[in-house]
Structures are given as C-alpha cells and as structure tokens.
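**Q** This structure is in structure tokens; I'll ask about it shortly.
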Amino acid sequence: MLIRSRLARFTATAAVAVGAMTASTAVPASAAPAAFPIDKSECPAQYFCAWHVQDNSYSEMCKWKDNAPSWYNCSWVADGKFTYAVYNNGTSGRGVTMYREANYHSAIGDCVSKGEFVRLANNYSPLSSKWNC
C-alpha cells in the first residue's frame with residue numbers, strides 16, 4: 001500500500017512539473033519564428049521560382065523565365081534534393097505546370113497560377129515546368 005501511495009504522489013508531482021514546464025515554454029504563434037526561410041521577393045518579375053530548404057535554416061532558389069524542359073541545371077535538383085516551394089511571379093497571366101520527369105512528362109498537381117505560392121509535399125521533385133495553363 002505504501003508503495004502505491006508513493007507511486008501515486010510521484011506520478012501526480014511529475015504530471016504537475018511537466019504541465020508547468022510545457023506552459024512556461026509555450027510560445028505564442030505570433031512570436032514563433034517562420035517555419036522556412038523563403039522570401040518571395042527574391043523571385044524576379046516574369047520568373048517561375050523554386051526553393052529547396054535545408055533544416056529550416058537556409059534556402060536555395062532556382063528560377064526560370066521560359067519553359068524549362070529540365071531542372072537539372074539547378075544544383076540542388078541535380079543532387080536529388082526535394083523542392084520545398086514554388087512561386088509563379090510571371091507577368092503574362094499564364095500559369096505553370098510542373099512535371100515529375102524532364103521534357104514535360106507526368107504532370108504534378110494543378111496549374112500554379114500567376115502570383116501563387118505553393119508549398120510542396122516532400123515527395124515532389126519536379127524535373128521540368130511549362131508556362132501552359
């Protein structure tokens with residue numbers, strides 16, 4: 001009986017301590033840091049841009065003004081890293097279709113409309129894109 005009583009007190013004390021620690025370390029959403037270091041203003045007008053993010057600490061951007069039959073000229077794509085986000089900063093009003101393979105094979109998702117910023121799931125690695133929608 002004594003063991004159960006001490007165990008119950010220990011469990012209750014631990015629960016209170018964890019609750020207090022959790023409450024004291026909570027950060028309001030407005031004060032939380034950005035989840036990724038992407039600045040859309042880096043993407044020049046008339047371009048379709050893509051970013052790879054490493055450990056939520058830095059990002060690399062590649063950009064294309066015209067249709068891109070291959071994204072392998074982008075170093076992180078050539079290294080097999082995932083694309084984290086894309087942004088259509090085009091001025092023609094046309095959207096961009098991304099493709100899973102080079103030379104516009106196997107379209108991924110919907111058209112990325114003018115002005116649209118899209119975060120991609122980790123299993124997407126576009127290898128080409130075309131201004132066609």
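**Q** Quick one: what pairs do we get from the stretch 98-110, first residue under 21 Å from TYR87 (Cβ atoms), second crowded, with 17+ Cβ neighbours inside 10 Å and among the aromatic types (Phe, Trp, Tyr), C-beta under 7 Å, 6+ apart or different chains?
**A** So the pair list comes out as ALA107/TYR99; ILE108/TYR99.
**Q** Continuing with the same structure: Kindly evaluate GLY80 against the criterion of being at pLDDT below 90, out of contact with any His (no Cβ under 6 Å at 6 or more places or on another chain) and closer than 18 Å to ALA102 by Cα. It would help to see each step written out before you state the result.
**A** Numbers: at pLDDT below 90: yes; out of contact with any His (no Cβ under 6 Å at 6 or more places or on another chain): yes; closer than 18 Å to ALA102 by Cα: yes.
So GLY80 fits the description; yes.
**Q** Shifting gears a bit: So which residues in the stretch 114-133 are part of a loop (DSSP other than H, G, I, E, B), touching a strand residue (DSSP E or B) at 6+ places or on another chain (Cβ under 9 Å) and farther than 18 Å from CYS74 by Cα?
**A** Once the filter is applied, which keeps residues that are part of a loop (DSSP other than H, G, I, E, B), touching a strand residue (DSSP E or B) at 6+ places or on another chain (Cβ under 9 Å) and farther than 18 Å from CYS74 by Cα, the stretch 114-133 yields LYS114, GLY115, GLU116, ASN132, CYS133.
**Q** Within the stretch 95-107, can you find the residues that are touching a Lys or Arg at 6+ places or on another chain (Cβ under 7 Å) and either surrounded by fewer than 19 Cβ atoms within 10 Å (Cβ to Cβ) or not in a strand (DSSP E or B) (or both)?
**A** GLY95, TYR104, SER106
**Q** Determine whether ALA31 is modelled with pLDDT of 50 or more and either under 17 Å from the mean Cα position of the chain (by Cα) or aliphatic (A, V, I, L, M) (or both). Please lay out each step first, then the result.
**A** Details: modelled with pLDDT of 50 or more: no; either under 17 Å from the mean Cα position of the chain (by Cα) or aliphatic (A, V, I, L, M) (or both): yes.
Against the criterion (modelled with pLDDT of 50 or more and either under 17 Å from the mean Cα position of the chain (by Cα) or aliphatic (A, V, I, L, M) (or both)), ALA31 does not qualify.
**Q** Could we say that TYR72 is exposed (fewer than 15 other Cβ atoms within 10 Å of the Cβ), in contact (Cβ under 8 Å) with a residue 40 or more places away in the chain and part of a loop (DSSP other than H, G, I, E, B) here?
**A** Values: exposed (fewer than 15 other Cβ atoms within 10 Å of the Cβ): yes; in contact (Cβ under 8 Å) with a residue 40 or more places away in the chain: yes; part of a loop (DSSP other than H, G, I, E, B): yes.
Here the answer is yes, as TYR72 does meet what is asked.
**Q** Being part of a loop (DSSP other than H, G, I, E, B), touching a strand residue (DSSP E or B) at 6+ places or on another chain (Cβ under 7 Å) and of a type outside the set (Lys, Arg) is the filter here, so list the residues in the stretch 81-91 that pass it.
**A** Residues of the stretch 81-91 part of a loop (DSSP other than H, G, I, E, B): 81-84, 90-91.
Cutting the leftovers down to touching a strand residue (DSSP E or B) at 6+ places or on another chain (Cβ under 7 Å) gives us 81-84, 90.
Correct list: PHE82, THR83, TYR84, GLY90.
The values are calculated or read from the model by the stated rules, or taken from the named source; none is laboratory data. Just so we're clear, the structure is a prediction, and the values are computed from it rather than from any experiment. In this analysis, Cβ positions are derived from the backbone assuming ideal geometry, glycine residues included, and neighbour counts consider all displayed protein chains.
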